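Asks: Provided herewith is a single structure, encoded as structure tokens, for subsequent inquiry.
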Amino acid sequence: MASIKDVAAEAGVSVATVSRVLNDHPSVSADARARVLAAVEALGYRPNAVARSLRTDQTHTLGLVISDVMNPYFTELARSVEEEARALGYSVIIGNADERPELQDHHVRTLLDRRIDGLLVSPTDGGSPLMLDAARAGTPMVFVDRWIPGVDVPVVRADGQAAVRDLVAHLYRLGHRRLAIIAGPAATTTGRERVEAFREALGAYGLGLPDEYIGQGDFQAESGRRVTEGFLDLPEPPEVVFAADNLMALGALDAIRARGLSVPCDIALAAFDDIPWFVHTDPPITAIAQPTGELGRAAVRALVDRIEGRPPQSVTLPARLVARRSCGEDLSPGQNQTPVQRSTS
């Protein structure tokens, strides 16, 4: 394997000049730069990334801690983060928190010990002392999808409130009046936001959200199954179950089918976080779609801005309602994925 000395000899320059070219230092002449780059190409030289990081105090590596790698939403988010980071010259190390705060902190601590340049996190809760300390210490950090209120860190997220209003308006037009929600963990911002948005949207139509129509889930399929079973056992079950994430929606669907009931004839079902599988269920599931790929790319750009000394910006992107057939929509077979315009109010 060629060394930096081999490159210097091939190009007829000093090792210091080769180092300056590889680190894009402006003091090198155009002729010397061209000779060094030609030598690098001819010899197939690859810089030692570890040695370079010791010299520059940068590893060109980002850390990403996601809430649940088994959730298709976060899988897609991680993929878009990795692709954008690679395009900007960074690698990504991923940690899966599995919706467990202690595992989240383990990954954050490990990534910081490995001297990553910056950290992307979808927090499992807002009470992590380690995360707060890292933010206060000036660690380049961006929150994606979820955030910790009161912490001065850029946030890249989707506007779920407007899309939830659109969903409730859609359900109301279909004639539904008894609407229930499988909520995400109250410790997460998205868990709280989606319940409150749902409650406010119902109130706009004079509809209430009784306590028995709020089931506490944990963004996992089993909790969606358990909560839905409780709804079905009520003296007056809801007409619609709205699951605050895709895995809980799949659990809800399992519970409904286990009772010998059908969607939407016996009970309607809608979900937050659209996934490709929803078009293949019977019936296809009405869902709120987040711009997941755009969120991942925007989060990386914000973090790289912070690392490279540019002012990072928080980003809020619109979500949209995708009406299919799980809520009683009268659609023909070729119309099972009709976007509904997001409200502008």
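Asks: Counting only residues that are touching a residue at least 60 places away in the same chain (Cβ under 8 Å) and not aromatic (Phe, Trp, Tyr), which one in the range 266-280 is nearest to Gln161 (Cα to Cα)?
Replies: Across the range 266-280, the extreme among qualifying residues is Asp273.
Asks: Oh, and also: Could we say that Gly215 is assigned to a helix (DSSP H, G or I), under 26 Å from the mean Cα position of the chain (by Cα) and closer than 20 Å to Asp68 by Cβ here?
Replies: no
Asks: Would you check which residues across the range 176-212 are over 20 Å from the mean Cα position of the chain (by Cα), in a helix (DSSP H, G or I) and not acidic (Asp, Glu) and list them? Break it down into steps so the answer makes sense when it comes.
Replies: Here is the first cut: in the range 176-212, the ones over 20 Å from the mean Cα position of the chain (by Cα) are 176-181, 196, 198-212.
Those still in the list that are in a helix (DSSP H, G or I) too: 196, 198-203, 211-212.
Scanning the range 176-212 gives Phe198, Arg199, Ala201, Leu202, Gly203.
Asks: Show me the strands (runs of 3 or more DSSP E) entirely contained within the range 88-175 in which 3 or more residues are in contact with a Phe, Trp or Tyr (Cβ under 8 Å, 6 or more places away or on another chain) and of a type outside the set (Phe, Trp, Tyr).
Replies: 155-159
Asks: Now for a different question. Quick one: in the range 61-85, which of the residues that are polar (S, T, N, Q) and not in a helix (DSSP H, G or I) is surrounded by the most Cβ atoms within 10 Å (Cβ to Cβ)? Steps first, answer last, please.
Replies: Of the residues in the range 61-85, the ones polar (S, T, N, Q) are 61, 67, 71, 75, 80.
Next, from what is left, pick out any that are not in a helix (DSSP H, G or I): 61, 67, 71.
Details: Thr61: 18, Ser67: 25, Asn71: 22.
Filtering first and then ranking leaves Ser67.
Asks: Working carefully through the options Asp159, Asp218, find the one that is farther than 19 Å from Thr286 by Cβ, among the acidic types (Asp, Glu) and in contact (Cβ under 8 Å) with a residue 40 or more places away in the chain.
Replies: From the options Asp159, Asp218, the qualifying one is Asp218.
Asks: Taking the criterion of being touching a residue at least 12 places away in the same chain (Cβ under 8 Å), among the acidic types (Asp, Glu) and either farther than 20 Å from Thr292 by Cβ or open to solvent by 10 Å² or more (accessible area, probe 1.4 Å) (or both), would at least one residue in the range 128-142 satisfy it?
Replies: No, that holds for no residue.
Asks: May I ask you to list the residues in the range 32-41 that are farther than 19 Å from Gly89 by Cα and in contact (Cβ under 8 Å) with a residue 24 or more places away in the chain? Give the steps one after another, and end with the answer.
Replies: Step one: of the range 32-41, the residues farther than 19 Å from Gly89 by Cα are 32-36, 38-39.
Across the range 32-41, the qualifying residues are Arg35, Val36, Ala38, Ala39.
Asks: Here's a follow-up. From the list Ala180, Ala158, Ala186, pick out the single residue that is at negative phi, open to solvent by 40 Å² or more (accessible area, probe 1.4 Å) and touching a helix residue (DSSP H, G or I) at 6+ places or on another chain (Cβ under 7 Å).
Replies: Ala186
Asks: Which residues, counting only those in the range 281-315, are buried (at least 16 other Cβ atoms within 10 Å of the Cβ), without any contact (Cβ under 8 Å) to a residue 60 or more places away in the chain and more than 26 Å from Arg194 (Cα to Cα)?
Replies: Within the range 281-315, Asp305 is the sole residue that qualifies.
Asks: Six or more apart or on different chains, Cβ under 6 Å: which pairs go from a residue in the range 7-31 that's farther than 19 Å from His60 by Cβ to one that's modelled with pLDDT under 80 and in a helix (DSSP H, G or I)? Could you list them?
Replies: What qualifies is Ala8/Val15; Val28/Arg20.
Asks: So, one more: For Glu236, indicate whether it is over 19 Å from Asp68 (Cα atoms), open to solvent by 40 Å² or more (accessible area, probe 1.4 Å) and in a helix (DSSP H, G or I).
Replies: No.
Asks: Follow-up question, since we're still on this one. In the list Val241, Val227, which residue meets the criterion of being β-branched (Val, Ile, Thr), touching a residue at least 60 places away in the same chain (Cβ under 8 Å) and surrounded by 20 or more Cβ atoms within 10 Å (Cβ to Cβ)?
Replies: Sole residue among the options that is β-branched (Val, Ile, Thr), touching a residue at least 60 places away in the same chain (Cβ under 8 Å) and surrounded by 20 or more Cβ atoms within 10 Å (Cβ to Cβ): Val241.
The values are calculated or read from the model by the stated rules, or taken from the named source; none is laboratory data. Note that the structure is a prediction, hence the values are computed from the model and not measured. Neighbour counts run over all protein chains shown; Cβ positions are idealised from the backbone, glycine included. Side chains are part of the model used for accessible areas, which takes the heavy atoms of the whole protein and leaves out ligands, DNA and RNA. Shrake-Rupley method; radii C 1.70, N 1.55, O 1.52, S 1.80 Å.
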